[in-house]
Amino acid sequence: MANYYQKEIETASREEIIAIQNEKLVKTVKRVYENVPYYKAKMDEKGVTPEDIKSIDDLHKLPFLTKDDLREAYPYGLLATDLKDCVRIQSTSGTTGKRVVAFYTQNDIDLWEDCCARAIVAAGGTNEDVCQVCYGYGLFTGGPGLNGGSHKVGCLTLPMSSGNTDRQLMFMTDLGATILCCTPSYAAYLAESIHERGLRDQIKLKAGIFGAEAWTEEMRHDIEEKLGIKAYDIYGLTEISGPGVSFECSEQTGMHINEDHFIAEIINPITGEVLPEGEKGELVFTSLDKEAFPLIRYRTKDICVLSRKKCSCGRTHVKMSKPMGRSDDMLIVKGVNVFPSQIEMVLLKNGLTSNYQIIVDREKHSDTIEVRVEMTPEFFSDSLSQLSAKEKEIVSELKSVLGIYATVKIVEPKSIVRSEGKAVRVIDRRNLYQN
């Protein structure tokens, strides 16, 4: 039976959701126009006024915001409330140049934690669970978001942050953690460590909530099998609030977007044209409730598909697919668009691990791509000729999936540096040659 944190809104009719979105959008646009000079200038430039926005059907008239706008308006240029009403900032990890800083009022934090609570309950969480949060705390949104959501559900919360695997496993076994929240790459690393130490029969995990980086279905099944859990995806971005913008339910066929708080659109990333449901394109979000830092038509650079197909869990909010890559960190190798997730799918399908690195270089003005992947214990007894045959098999499959030639090296276990945060999947050495 499906469980809900806020059943009335999570199962609301399409008509109810549209009515909520219409009312909130009109108010938000008016408030942003009156309180954010930066955004008013963008609207004026496009020749649109708050009076032109009467419902979500008018959303396409509004200008887009991008990460460049956030950097340009840094730090306070997009603030829509008095600074004295703000109680916290969060910031993106790993961006170049100026960091993106998002502001929160107490009400913003409450609503964000509600969204994370919905995700935990959708994964089967109740006030009887022990929720181990291994996302980073501090400026990164992962830890604080799931921590707050776990409190709201009433779970015993273990605010572990990332890293210190010995301590993670000690608390996981001693306190009987039942829900694990972390990046998928760290979940795979913890699973590996649990097996190495013979702790598999001492863990009580039943579910995992994994996000903050791209992962494939193959990786999901691998983690589920190794930890004996059901693995749920969660999506979010600091600019819009953090994790919990959308989350998976028991059906595991995409993530329900919290449509009472966010409007999602899919656009053609080149023309900006809004695409119909079911078309693949760039995901754009408009926040409807944010007091401190409301973003309208924010381009996420994530490529995905939206679906309103009826869900067996009973939730009525639109679903987004797992992001299929990003329009900005997509690799272009020999003129071909390459997404790391495509490579990961081939490796896992061939019985290899999710510990891999893609090294892109340029030799004699021509791009090269090399994939290094760790062997699994099953490969230990294989002769060099068998490993070489396996490498050739993967090269052939990658050629068919990517359309270009990539060399493949199967390397010893643990020879690729482990990450306790986001995995470093791609090393692009071509940048070294740019002036």
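Miscellaneous remarks
- Considering residues of region 407-420 that are in contact with an Asp or Glu (Cβ under 9 Å, 6 or more places away or on another chain) and either under 11 Å from Ile359 (Cβ atoms) or surrounded by 14 or more Cβ atoms within 10 Å (Cβ to Cβ) (or both) only, the residue modelled with the lowest pLDDT: Arg418
- Contact annotation: residue pairs with Cβ atoms under 9 Å, 6 or more positions apart or on different chains, pairing a residue in region 364-393 that is under 19 Å from Ala191 (Cβ atoms) and acidic (Asp, Glu) with a partner that is modelled with pLDDT under 95 and open to solvent by 80 Å² or more (accessible area, probe 1.4 Å), are Glu374/Glu412; Glu374/Lys414.
- Screening region 154-181 for residues that are of a type in the set (Val, Ile, Thr) and open to solvent by 20 Å² or more (accessible area, probe 1.4 Å) and picking the one that is farthest from Ser91 (Cα to Cα) gives Thr173.
- Residue among Gly314, Gly335 that is at positive phi and touching a residue at least 40 places away in the same chain (Cβ under 8 Å): Gly314
- Candidates Val284, Val274, filtered to the one that is out of contact with any Gly (no Cβ under 7 Å at 6 or more places or on another chain) and open to solvent by 50 Å² or more (accessible area, probe 1.4 Å): Val274
- The number of residues in region 315-367 that are more than 17 Å from Ile303 (Cβ to Cβ), of a type in the set (A, V, I, L, M, F, W, C) and assigned to a loop (DSSP other than H, G, I, E, B) comes to 1.
- Positions within region 298-314 being within 14 Å of Ile263 (Cβ to Cβ) and in a loop (DSSP other than H, G, I, E, B), in sequence order: Arg308
- Residues within region 13-35 that are touching a residue at least 60 places away in the same chain (Cβ under 8 Å) and under 16 Å from Thr286 (Cβ atoms), tallied: 9
The values are calculated or read from the model by the stated rules, or taken from the named source; none is laboratory data. As the structure is a computational prediction, the values presented were derived from the model and not from experiment. All Cβ positions, glycine included, derive from the backbone under ideal geometry; neighbour counts span all protein chains shown. Ligands, DNA and RNA are excluded from the accessible area calculation, which covers all protein heavy atoms including side chains. Shrake-Rupley method; radii C 1.70, N 1.55, O 1.52, S 1.80 Å.
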